[in-house]
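The values are calculated or read from the model by the stated rules, or taken from the named source; none is laboratory data. Bear in mind the structure is a predicted one, so any value in this text is a computation, not a measurement. Reconstructed Cβ throughout: ideal geometry from the backbone, glycine too, with neighbour counts over all protein chains shown. All accessible areas refer to the heavy atoms of the entire protein, side chains included, with ligands and DNA or RNA removed. Shrake-Rupley method; radii C 1.70, N 1.55, O 1.52, S 1.80 Å.
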Amino acid sequence: MKILGVETSCDETAAAVVSNGTEILSNVVSSQVALHRPYGGVVPELASRNHLRLIDSVVEQALFDARASIDEIDGVAATYGPGLASSLLIGLNVAKGIAFAAGKPFVAINHVEAHLYSPLFANAARGALPMISLIVSGGHTILAHATAIGTHEILGQTVDDAAGEAFDKVAKLLDLGYPGGPEIQNRAENGNPRAIDFPRSMLHDGSYDFSFSGLKTSVLYFLRKNPRSRTGDVCASFQEAVVDVLVGKTVRAAADLRVKTVSASGGVSINRRFREKLGAECAQRGLQLLLAPAALCADNAAMIAGLAYYQLSRSGPSDFSMEIAPSMGLGAGGFSCQHS
Amino acid sequence: MITSQPVDTHSFEETLRFGERLGRELQRGDVVALFGDLGAGKTALVKGIARGLGITQEVTSPTFTLVHEYTGGRLPLFHVDLYRLDSPEQALAIGIEEYLNGPGATAIEWSEKIESLLPATAIRIRITASDNNVRRIEVA
C-alpha cells in the first residue's frame, strides 16, 4: 500500500511516498534554511508564501521520484496539526484536493505523533515496542511511552522552551549563525564541556518534564559577567547540560517503566553529542536504541506517510471535513482527535 | 492594578504572580504587548496571565509555531511570539490581525516587531532583567 504524504506545518514544504509504512520510495523536503539564512532566522512569512509556491512541484517531485502515478497511490495524508495555521491550511487542503479528485482515502496526521513513530519506519523493528520515545526538536521536547503504534501516553514535556529553541537562542546570544544547533555542535568540538557548570534543570526532580528557559538565562548572565569567555567552552558546556537532561530523563523512564527499547527523533536528536551519550547509556544498561535516520529527523513528509499507513489500516480514513488543529498536543491515546 | 509605577520582581514566582493579577482583570479583546530581551521573563509573565485566566494547561514558548492557543479558562488566551519575524508585513502574512481582534485575550512577545500594528488600547509591558534575578516590569 503506497501513501502520499504532505507536510507544511512549519517552515518546510515536504511530500513523500512510503510503501507499507516502512519503505520510503521518495522523500522531498524543500529545505528553506538556505533561503532564510540571510535574515538570521527563519522567516515565517517567506515560509508561508513558499508553501503555496512550492507545494505543487514538491508533490510532483515526490511522485516522480517514487515512479508512481496518482492512480497507484492508495491514500493521501497530510499534517493537520500542531503548527502554524496559515501553513497547515495549504498542505491539508492540497492533500484533501488530491485525494478527493483521485477518489482516494484521505488521512489527517498529528505531526508530533509522526515524529514519535518515525524511528520505527526505517528500522523495521516494530517488534521493539513498547518503547520510551524522546521527541526533541525546535518546537517540541516530549517524553512518551508507546506500547503499540498509535497507543502512547505522555510521560513529560517541556514546561517552557523546547530544547531546539534553547540551541537557537543561545546561538543568538553568542552571535552565531542560524540554525543554532549545528553551529553550537561544531564549536563545542573545540571546547571543554566541564568548563562552565550550567544548570541541569529538573534533572533530579523525579518528574519527566523538562525546562530549558533557565539554562538560556544562565548562559545570558554568564556571558554578561564573562564577556571574554571562550565560545567553544560556552557551547560545549551548554550542549552538555542539555544532553545530560535529555539522556538522563530518557534512560530513567526506561528503568522506571521496565521498558527495554528507547527511541529518539526530531531535529535535535541528530546532535552528535546527544547520540554519543544516549548510545553509551543504552549500551551500558542493555537497552535497544532506535534512532530516526537524519532524513526523518527534521520536518519531513515520509513520517507523515509512514504513520498514515498504520492509521488508515487501523482507524480508516479521516473525514474530508477534518480541519486544521494548530494547537493540538500529542494526545494521550494515539491517533488523537481523529474524529472530533 | 495597572500602575504606571515600575514593579521589581525577584523570582520567577513573583513574575508569575504579577502576570496572574493582570490575567484576572483581562477582558475579551484585550491585547497585552510585551517588550523585552531574551531571558527577560516574558514567557513567565504569560504563564501568570494564563493562571489568572484560570487556564490549567502548561504554557510553553511558542517561538517556533508562533501562536499557542489555550482554552478552558475564563477567556481563550492567544500567546503570540514574534521572535522569528522581522517586520509588520510578515506578521500580517501569518494573520496577526485575527489575534489583535480575537475572541479572547492576546499576549504578544517581541511586540517591538509590530509596533505600528498594535492597537492604541494595548496594555504595553516592558520587562528588563538586571542582575541577581531582578526583573523590572513597567506598564504603560
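Go through segment A:117-141 and report how many residues are modelled with pLDDT under 95 and buried (at least 24 other Cβ atoms within 10 Å of the Cβ).
9
Go through (1) modelled with pLDDT under 95; (2) among the aliphatic types (A, V, I, L, M); (3) in a loop (DSSP other than H, G, I, E, B) one by one and return the number of the condition residue A:259 breaks.
(1)
Inspect all residues belonging to segment A:219-229 and state whether any of them is charged (D, E, K, R), within 12 Å of chain B (Cβ to nearest Cβ) and open to solvent by less than 50 Å² (accessible area, probe 1.4 Å). Walk me through it before giving the result.
So in segment A:219-229, the residues charged (D, E, K, R) come out as A:224-225, A:228.
Then drop every residue that is not within 12 Å of chain B (Cβ to nearest Cβ), which leaves A:224-225.
Applying the additional criterion that residues be open to solvent by less than 50 Å² (accessible area, probe 1.4 Å) yields none.
Checking segment A:219-229: not a single residue is charged (D, E, K, R), within 12 Å of chain B (Cβ to nearest Cβ) and open to solvent by less than 50 Å² (accessible area, probe 1.4 Å).
Report those strands (runs of 3 or more DSSP E) wholly inside segment B:1-74 carrying at least 3 residues which are more than 22 Å from residue A:327 (Cα to Cα) and not aromatic (Phe, Trp, Tyr).
B:7-9
Take the residues in segment A:170-195 that are open to solvent by less than 40 Å² (accessible area, probe 1.4 Å), part of a helix (DSSP H, G or I) and closer than 30 Å to residue A:110 by Cβ, then tell me which one is farthest from the other protein chains (Cβ to nearest Cβ).
Only one residue tops the list, namely A:185.
Would it be correct to say that residue A:217 is among the polar types (S, T, N, Q) and assigned to a helix (DSSP H, G or I)?
It is true that residue A:217 is among the polar types (S, T, N, Q) and assigned to a helix (DSSP H, G or I).
Return the residue satisfying two criteria in turn: it lies in segment B:107-140 and is in contact with a Leu (Cβ under 7 Å, 6 or more places away or on another chain) and away from chain A (no Cβ under 14 Å), and of such residues it is most open to solvent (accessible area, probe 1.4 Å).
Checking each candidate, the answer is B:119.
Go through (1) within 14 Å of another protein chain (Cβ to nearest Cβ); (2) of a type in the set (S, T, N, Q); (3) open to solvent by 40 Å² or more (accessible area, probe 1.4 Å) one by one and return the number of the condition residue A:69 breaks.
(1)
Every residue in segment B:100-140 that is without any contact (Cβ under 8 Å) to a residue 60 or more places away in the chain and acidic (Asp, Glu), please.
Result: B:115, B:131.
What pairs come up if the first residue lies in segment A:17-43 and is within 12 Å of chain B (Cβ to nearest Cβ), the second is part of a loop (DSSP other than H, G, I, E, B) and at pLDDT 90 or above, and their beta carbons are under 8 Å apart, counting only those six or more places apart or on different chains?
Correct list of pairs: A:41/B:83.
So which residues in segment A:284-311 are touching a strand residue (DSSP E or B) at 6+ places or on another chain (Cβ under 8 Å), open to solvent by 40 Å² or more (accessible area, probe 1.4 Å) and assigned to a helix (DSSP H, G or I), if there are any at all?
Residues satisfying the conditions are A:295, A:309.
Would you say residue B:84 is closer than 18 Å to residue A:161 by Cβ and without any contact (Cβ under 8 Å) to a residue 24 or more places away in the chain?
yes
Scanning for something away from chain B (no Cβ under 13 Å), touching a strand residue (DSSP E or B) at 6+ places or on another chain (Cβ under 6 Å), open to solvent by 30 Å² or more (accessible area, probe 1.4 Å) and not in a loop (DSSP other than H, G, I, E, B), does segment A:157-169 turn up at least one residue? Steps first, answer last, please.
Taking segment A:157-169 first, the residues away from chain B (no Cβ under 13 Å) are none.
Looking through segment A:157-169, none of the residues is away from chain B (no Cβ under 13 Å), touching a strand residue (DSSP E or B) at 6+ places or on another chain (Cβ under 6 Å), open to solvent by 30 Å² or more (accessible area, probe 1.4 Å) and not in a loop (DSSP other than H, G, I, E, B).
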